[in-house]
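The values are calculated or read from the model by the stated rules, or taken from the named source; none is laboratory data. None of the values given here were measured: they were computed from a predicted structure. Positions of Cβ are generated from backbone atoms using ideal geometry, with glycine treated the same way; all protein chains shown enter the neighbour counts. The protein model used for the area step is the full one, side chains on, heavy atoms only, and it has no ligands, DNA or RNA in it. Shrake-Rupley method; radii C 1.70, N 1.55, O 1.52, S 1.80 Å.
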Amino acid sequence: MSSILKSCAAIPADDDARPLPARAALVERLARVVPRAEIALALPQLERIAALKAARGAVVVAHNYQIPLITAGIADFVGDSLTMARYAARSGAPVIVVCGVHFMAESVKLLCPDKTVLLPDFGAGCSLAASVTPEDIRALRQRHPDSPVVAYVNTSAAVKAEADICCTSANAVAVARSLGRPHLIMVPDRHLADYVARMTGLEVATSGGQCEVHVKYAGTDIEEYRRVTGAVVLAHPECPREVQEQADFVGSTGAMDEYIETRRPPRVLLLTECSMADNVMLRHPRIEFLKPCNLCGFMKAINLDNVERVLARPETAIEIDPAIAARARRPIERMLAL
Ligand code: 13P
Ligand code: SF4
């Protein structure tokens, strides 16, 4: 199987997909969301990246917020931040290219310390991860001495090193419940913390950060969208409470994907990053996606050019101070053991 064909397999085909040669099948799939001229321009680069991956023994893991040319064109795995790290940890490949943001690449490195983990652009940060420091955690612990600390994976390794357990938006409620305590500290996202408090009835203190992308959905006239279009509304828990409360379903990018996969609503309003809808549409061309659409500039720092560059010259691999890594690995492993 060619590398390009393997990449296609990352996003399963539709029931009615015609058997086409690998390249033609990829073009047809991508053409659902990408102009054909853009696909034609990208194809030689997709082939070069496939060859570089094979030469380096590399796999590409991509987040749901990456563009379809990356998710369908070069990725071996596409998913949310939790499943990306799980896939990388199980992969036998010596080199992992992370098409996502810095904290995702750090999580992969923590779980795969012996692998070379490449992030195509070190400027791919995250406003949430940047909002909390190790000192903030120590100060919160002093204010709430009996509360365990849950660090959202959208944090640096240095912050994770201060935490008792990690969570993602996919498992935050289960992680909070697993602690068996009436109160906890959850950093850094105040909207996720608020969501967990409402779902569990627990007292949740937080450092009060927020995602600059999801917070933009505040003020969206969701009722008007629903009234005019009849769309089912899915929101990420990083959206403010007023948005979550108007949604039909609140969940991680992976949970939204599963909701659409199992229920197949005819029309969907996705309140999360723009590329999520494009990626789901690749598999569900008959579902109509409404896109009030906010872009994450950090996720969009990753592109085919810097993926090709980092594979051609893998000079800047992710490194984590071993003392921090040893402490940061524990809360991630505790989460994965749940
Ligand atoms: P998921 O964990 O749902 O993939 O989300 C990560 C993220 O950065 C959302 O903004
Ligand atoms: Fe961070 Fe928000 Fe971008 Fe996710 S969408 S990577 S939380 S800034």
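A few notes on this one:
Conditions (1) open to solvent by 20 Å² or more (accessible area, probe 1.4 Å); (2) touching a Lys or Arg at 6+ places or on another chain (Cβ under 7 Å); (3) in a helix (DSSP H, G or I); (4) at pLDDT below 95, marked per residue:
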| site | (1), (2), (3), (4) |
| --- | --- |
| TYR225 | yes, no, yes, yes |
| LEU234 | no, no, no, no |
| GLU242 | yes, no, yes, no |
| GLU245 | yes, no, yes, no |
| GLU258 | yes, no, yes, yes |
| LEU269 | no, no, no, no |
| PRO285 | yes, yes, no, yes |
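- Residues in segment 109-131 that are aliphatic (A, V, I, L, M) and closer than 12 Å to SER156 by Cα: LEU110, LEU128, ALA129, ALA130.
- Scanning segment 287-314 for residues that are assigned to a helix (DSSP H, G or I), within 15 Å of ligand 2 (Cβ to nearest atom) and of a type in the set (A, V, I, L, M, F, W, C) yields a total of 2.
- With respect to being away from ligand 2 (no atom under 16 Å from the Cβ) and in contact (Cβ under 8 Å) with a residue 24 or more places away in the chain, ALA317 fits the description.
- Positions within segment 97-148 being crowded, with 21+ Cβ neighbours inside 10 Å, in a loop (DSSP other than H, G, I, E, B) and among the aromatic types (Phe, Trp, Tyr), in sequence order: none
- When ALA62 is tested against (1) at pLDDT 95 or above; (2) over 24 Å from ALA161 (Cα atoms); (3) more than 16 Å from ligand 1 (Cβ to nearest atom), just one condition goes unmet, and that condition is (3).
- Residue in segment 71-101 that is nearest to ligand 1 (Cβ to nearest atom), counting only those that are out of contact with any helix residue (DSSP H, G or I) (no Cβ under 7 Å at 6 or more places or on another chain) and more than 19 Å from LEU336 (Cα to Cα): ALA93
- Residue within segment 70-89 that is at pLDDT 95 or above, open to solvent by less than 20 Å² (accessible area, probe 1.4 Å), over 20 Å from LYS109 (Cα atoms) and not hydrophobic (A, V, I, L, M, F, W, C) present: yes
- Checking segment 207-214 against the condition returns no match, with no residue being assigned to a helix (DSSP H, G or I), touching a residue at least 12 places away in the same chain (Cβ under 8 Å) and of a type in the set (Val, Ile, Thr).
- Single match in ALA151, ALA105, ALA129 (criterion: within 15 Å of ligand 2 (Cβ to nearest atom) and in contact with a His (Cβ under 8 Å, 6 or more places away or on another chain)): ALA129
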